[in-house]
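Nothing in this text is a laboratory measurement; each read-out follows from the coordinates by a stated rule. Because the structure is predicted, anything quoted here is derived from the model rather than measured. A quick note on method: Cβ atoms are made from the backbone with ideal geometry, for glycine too, and the neighbour counts reach across all protein chains shown.
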Amino acid sequence: MVKRCRSTARGLIPLKYYPRWAILSLMANGFLMLAIAYLWQRAPYVPPNLPFGAALPNRELLAQARQETTLDVGDTYTLNYQQWVALLAQEARVAAQNKPDNLYILLGDSISLWFPKELLPVGKTWLNQGISGETTLGLLRRLTSLDETEPKAIFVMIGINDLLKGISDDTILANQRLIVRYLKSAHPNTTIVMQSILPHGGEGATWEGRDRLLALPNQRIQGINDELRKIAESENVMYLNLYPIFANQQGQLKMDLSTDGLHLNQRGYALWNTALQVFIQAKLSP
């Protein structure tokens, strides 16, 4: 059982209870990862009975979008890629029409897609636009569906599927830069946050494509992340480096944060939640 030190029924400890030195160091020196690691060790919150994988993103918006689309998604939501693109585009239209307060958007692949709503930072409207198997090119091609939305921030994590499919580093990075530039142009009043690609579990992985994971050194992912940081700096957007807090001493994904060495479990998403909360409080709050 996870110890819940002063945690709330809704999630992690409110930031006002965090030690002053942690917040001050974040704001003054940018020691984001140190603060996240410290807070995670104090009180990692994981709902004890959350059925992982049962909660699709954006339940309210998804329900409304389903009522306005002709897609026959069925009870199990087994959609192909094009159906997911169409459904998420419709969901984005609903968000654009309703203009929810404090809108935040997640862009990415299955790692973002399966972020349980219960573990996203509270007090915000989250529009999850992740699709399983998504690549940088696929994401780039569907950014127009978000044009009419008015998010406060957009968090992007993309690239692992490109690497697993043998796409070159230069192509991945070029697409990442195009994604950022498009988002900046379409959403000039929005904070764009590039997130690092997460490590994989190496020899400990049980994912069905394990051989492809083993052929992808985590050092290569780290190299891509270094270049993503440079892109963020040159494009004047923010960068959230999640790699260090998810990696063990060997640079591999900690298996207690993962279901299969590639995807995250509840503890993994709870840690990501902590990182988002600290980042938003330190970087995006007035």
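Values for this structure:
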{"item": "Entries of 230/254; 254/283; 99/124; 99/184; 124/152; 184/283 with Cα pairs more than 21 Å apart", "result": "230/254; 254/283"}
{"item": "Stretchable slack from residue 102 to residue 212, in nm (0.36 nm times residue separation minus alpha-carbon distance)", "result": "35.7 nm"}
{"item": "Efficiency of FRET from Cβ geometry, residue 185 and residue 256, R₀ 51 Å, rounded to 0.05", "result": "0.80"}
{"item": "Distant alpha-carbon pairs in the range 65-210 (separation over 19 angstrom), percent", "result": "55"}
{"item": "Protection proxy ranking, peptides 110-123, 208-221, average beta carbon neighbours within 10 Å, highest first", "result": "110-123, 208-221"}
{"item": "Set of the range 120-142 residues, backbone N closer than 17 Å to the point 7 Å along the Cα-Cβ line of residue 165", "result": "130-142"}
{"item": "In order through the range 114-120: 3J(HN,Hα) via Karplus (6.51 cos²θ - 1.76 cosθ + 1.60), integer Hz, x for Gly, Pro", "result": "8, 5, x, 4, 5, 10, 7"}
{"item": "Dipole magnitude of the range 192-254 about its Cα centre (Cβ charges: Lys, Arg +1; Asp, Glu -1), debye to nearest 20", "result": "100"}
{"item": "Assigned charges on the beta-carbon of Lys, Arg, Asp, Glu; the range 144-286 dipole about Cα centre (debye)", "result": "240"}
